[in-house]
1. So which pairs qualify, if the first residue must be in segment 64-89 and at positive phi, the second must be modelled with pLDDT of 95 or more, the Cβ gap must be under 9 Å, and the two must be at least 6 apart or on different chains?
2. Among the residues of segment 84-103, which ones are under 19 Å from Cys277 (Cα atoms) and in contact with a Phe, Trp or Tyr (Cβ under 9 Å, 6 or more places away or on another chain)?
3. Go through the residues of segment 103-118 one by one and say whether even a single one is in a loop (DSSP other than H, G, I, E, B), of a type in the set (A, V, I, L, M) and under 20 Å from the mean Cα position of the chain (by Cα).
4. For segment 204-220: of the residues being assigned to a helix (DSSP H, G or I) and in contact with a Leu (Cβ under 8 Å, 6 or more places away or on another chain), which is surrounded by the most Cβ atoms within 10 Å (Cβ to Cβ)?
5. Considering only segment 221-234, state which residues are surrounded by fewer than 23 Cβ atoms within 10 Å (Cβ to Cβ) and either of a type outside the set (Val, Ile, Thr) or in contact (Cβ under 8 Å) with a residue 60 or more places away in the chain (or both).
6. Would you kindly identify the strands (runs of 3 or more DSSP E) lying entirely within segment 1-88 that contain at least 2 residues that are outside the structural domain of Met126 (by TED's automatic domain parsing) and surrounded by fewer than 21 Cβ atoms within 10 Å (Cβ to Cβ)?
7. Residue check: is Gly92 surrounded by fewer than 22 Cβ atoms within 10 Å (Cβ to Cβ) and either polar (S, T, N, Q) or in a loop (DSSP other than H, G, I, E, B) (or both)?
8. Determine, yes or no, whether Phe142 is of a type in the set (Phe, Trp, Tyr), under 22 Å from Arg41 (Cβ atoms), surrounded by 19 or more Cβ atoms within 10 Å (Cβ to Cβ) and not assigned by TED's automatic domain parsing to the domain that holds Pro21.
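The values are calculated or read from the model by the stated rules, or taken from the named source; none is laboratory data. The structure presented is a predicted model; accordingly, all values stated were derived computationally and were not measured. Cβ sites come from the backbone with ideal geometry, for glycine too, and all protein chains shown count toward neighbours.
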Amino acid sequence: MMMKHRNTIFVEDCEILSHTPYEGEQFIMRVNAPKIAAHARPGSFAHLGVHPLRPMRRPISIMRVDKDLGWVDFLYKRLGEGTALLAQREAGEKINIMGPIGKPFDIKPERKRPLLIGGGVGMPPMIFIAEHCKQQGNYEPFVILGSEVPFPFTTQPSQIMVPGMPDGVIAAMPLLEDWNIASRLASLQGYAGTYEGYVTELARHWLQALSDEQRNEVEIYSCGPHPMLEAVATLAKEFDLPCQVSLEEFMACAVGGCAGCVVEVQTPQGPAMKRVCVDGPVFDAYTIF
C-alpha cells in the first residue's frame, strides 16, 4: 500500500543560500528548495547529495522551512567523510536534495503543552515543531535542548519565566526567545546559564512543577542519540505521558528499497521490523523502548 507521505518526495537541484560554521564541527546550511519547503512537516528529513562525485547521500533532519520564500534550513555535524565533503560546499553552489521524506510528528491539538526535547543534531526537529506551534498560535511549548559541544547559536538569558527551573538555569535559544517560546539548555560542560545535567532531569523539574490539569495537556516529542531517547521514554512512562521519538539511523536509499535502516517495533500483532526512512523516522516511543 502506498503511504500518503510518500507521494510528495521531490528531487531538486538547490542553490546553497548560506552555509555557516559553528563551534564543535557544526554547520547550518540554507538552500533554495521550494518544493521540499512546501511539503515538509516537523519530523521530515531530506537526503542530501554531499558531492557530485560521491553518489552516497546523507540523511539530515529539516530544521526550518519558509514555504513562501522556498528555503530550507539544515543543521548537521561534520562526523565522517560524507559530511566533511558537505562542509566544503559554499554559498552559490548547487546541491542535489531529495525530500521531504518520512512520517512526521503527529502534533495533537488537545495536547497544548508539548514538551520538546532535542539532543545534539537532534535539535532541528524540535525547532521545526516549535515554529509550527508558533504559527498555529494555540500551543504553549517548552523546549529543552542539550549539547556536549558548544551550541550552534549564541545563548542568551531568557526573559520567559518557566516553572520548576533550578536557580541560575536561564540560558535560552535566541530564535525561540524571539518567538516567545520558552526554552532552556542542558549540558555537562558547565556552559553559563545551562542546567548541569541531562535533558531528562531538567524535564522532570518542569513536569513536577505543573498541576495535574496542566500535565494532562503535555505530550513529549524528542530526537537525539539513542540512549537519550530511551531515557526520554522512561520519563514519559514515569509521568504516564504520550511520547513520540524521531530515530536517527544510517540510511542508504532512504525510500524504503534497501531495508538497511530497520528497527524492531512492537505492534499489536507482536514484534515487527520497520524501516526508519518510510515507516518513521517518528515512532511512538512505547513501541520502540
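1. Once the first residue is at positive phi and sits in segment 64-89, its partners that are modelled with pLDDT of 95 or more give Gly70/Asn32; Gly70/Ala33; Gly70/Pro34; Gly70/Lys35; Gly70/Ile36; Gly70/Ala37; Gly70/Ala38.
2. Ile97, Met98, Gly99, Pro100, Ile101, Gly102, Lys103
3. Checked against the condition, which is being in a loop (DSSP other than H, G, I, E, B), of a type in the set (A, V, I, L, M) and under 20 Å from the mean Cα position of the chain (by Cα), segment 103-118 yields at least one hit.
4. Leu207
5. Pro225, His226, Pro227, Met228, Glu230, Ala231, Ala233
6. Here the list reads 10-22, 26-32, 58-66, 71-77.
7. Answer is yes for this residue.
8. So Phe142 passes the test.
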